[in-house]
1. For the list (1) modelled with pLDDT of 95 or more; (2) open to solvent by less than 40 Å² (accessible area, probe 1.4 Å); (3) small (Gly, Ala, Ser); (4) part of a loop (DSSP other than H, G, I, E, B), I need the number of the one condition that Ala55 fails.
2. Which of the residues spanning the range 83-110 are of a type in the set (Gly, Ala, Ser) and under 15 Å from Ile214 (Cβ atoms)?
3. For the range 220-231, state whether one or more residues are closer than 30 Å to Ile10 by Cα, of a type in the set (Ser, Thr, Tyr) and away from the ligand (no atom under 14 Å from the Cβ).
4. Return the residues of the range 119-143 that are within 12 Å of the ligand (Cβ to nearest atom), open to solvent by 10 Å² or more (accessible area, probe 1.4 Å), touching a helix residue (DSSP H, G or I) at 6+ places or on another chain (Cβ under 7 Å) and of a type outside the set (A, V, I, L, M, F, W, C); say none if nothing qualifies.
5. Exactly one of these conditions fails for Ala85: (1) within 14 Å of the ligand (Cβ to nearest atom); (2) closer than 19 Å to Ala217 by Cβ; (3) crowded, with 24+ Cβ neighbours inside 10 Å. Give me its number.
6. Does Leu44 count as in contact with a helix residue (DSSP H, G or I) (Cβ under 9 Å, 6 or more places away or on another chain) and within 16 Å of the ligand (Cβ to nearest atom)?
7. Of all residues in the range 97-118, how many are farther than 14 Å from Pro186 by Cα and away from the ligand (no atom under 16 Å from the Cβ)?
8. Determine which member of the set Pro94, Pro186, Pro148 is more than 16 Å from the ligand (Cβ to nearest atom) and within 25 Å of Ile59 (Cα to Cα).
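The values are calculated or read from the model by the stated rules, or taken from the named source; none is laboratory data. Predicted model only: the values in this text are computed from it and were never measured. Reconstructed Cβ throughout: ideal geometry from the backbone, glycine too, with neighbour counts over all protein chains shown. Areas reflect the complete protein model, heavy atoms only, side chains present, ligands, DNA and RNA absent. Shrake-Rupley method; radii C 1.70, N 1.55, O 1.52, S 1.80 Å.
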Amino acid sequence: MTGAPASPTIGVFDSGFGGLTVLRALIDRLPHARYAFLGDTARLPYGSKSRRTIARYAIESAQFLVREQGAEFLVIACNTASALALDAIRDAVPVPVLGVIEPGADAARAASRTGDALVIATDATVQSHAYTAAGTARGLRVLEKACPLLVPLVEEGWTNHPVTSEVIRIYLDELNAAAAAQQMQPDALVLGCTHYPLLRPLIQSTVAVGVQVIDSAAAVAEAAARSFPTLPAASPHARDTEIRCFATDSVEKFQQLGSRFLGRPVGEVGLVDLGG
Ligand code: DGL
C-alpha cells in the first residue's frame, strides 16, 4: 500500500490558553499533524505553586492527552511545567515529551553574541533556575527575573494597556540594573512564559537597543518537527489542520481569549474535569 503516512496526534499542554502561541507555531511548522490541546484553566496559575502540585497537575493533564485523546507525542508548552515537572511527566506517559526550556535556551544561544542572556518568567520557573542550567550548559550566562503581574494582566486582556506597559518598564528596569551590577552585557531576552508573546510589542518597545526578544515557540516547533521527519513541512491548507481544544474551566472564556493566542478561531472547546 502507498500513500501519505498517517497523521500523528500531537498533544499540547499548558496551564491555560497561553500555550496556544506554541500550538500556533506547531501548526505553521507541521500543518499535517493533528492536534489536541489542553489548557488546565481551572488550576491556573501554575507559576505560583510548588513543584509537587505542578507535577501532579501536569501529569494528570498529560495523561488525559495520551489516554483519552490518543496523543503520540507531547509538547509541554507551559514553561513552569517544563521547568519543574518534565521528568515527572516523562515517567508518567509512554510517549516522547518535549518541553520548552531547552529549545528556548537553544534560541538564546543562537541569538546572543555577548553570551549574556536575560529570562523573564513566572516565580516557579525562576526559582527552579531551569533556564540558568540550560543556558550554562550552552556557555551562556543567564539572569532570570520573575514577573508575576504579567500573567494576570494578559488574562485580563490588557495586552496593550498603559498599566501593563508601566509594569513591564519597571520589571525590565530592575532586570537591567541587576545585569549591570553583574557586569553583564545581555543582548537576548527570552520570553520564558506562555503569556508573554502576547506582550511582545510592549516588551519590544521597552528593551534596550540591541537586545533581541526571543519567543521560543518557533524553536519548539522546529524541535518537534525533528521527531516527524516524514511529515511535509508547509501547506497552503494549514487552516484545515485538525485541532481539538479542551479546557478545565469556562469554555466560553477559552474560546474568546484563546482565539487571540492562536491567531484563528479555536472552534468548539471541550470541558474536562481533572479533579481538584
Ligand atoms: N503557562 C505558564 C508558564 O508558561 C504561565 C501561566 C501560569 O502561571 O500557569 O509558565
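1. (4)
2. Within the range 83-110, Gly104, Ala105, Ala107, Ala108, Ala110 meet the criteria.
3. yes
4. Thr122, Ser128
5. Failing condition for Ala85: (2).
6. When the stated conditions are applied, Leu44 passes them.
7. So the answer is 1.
8. Pro94
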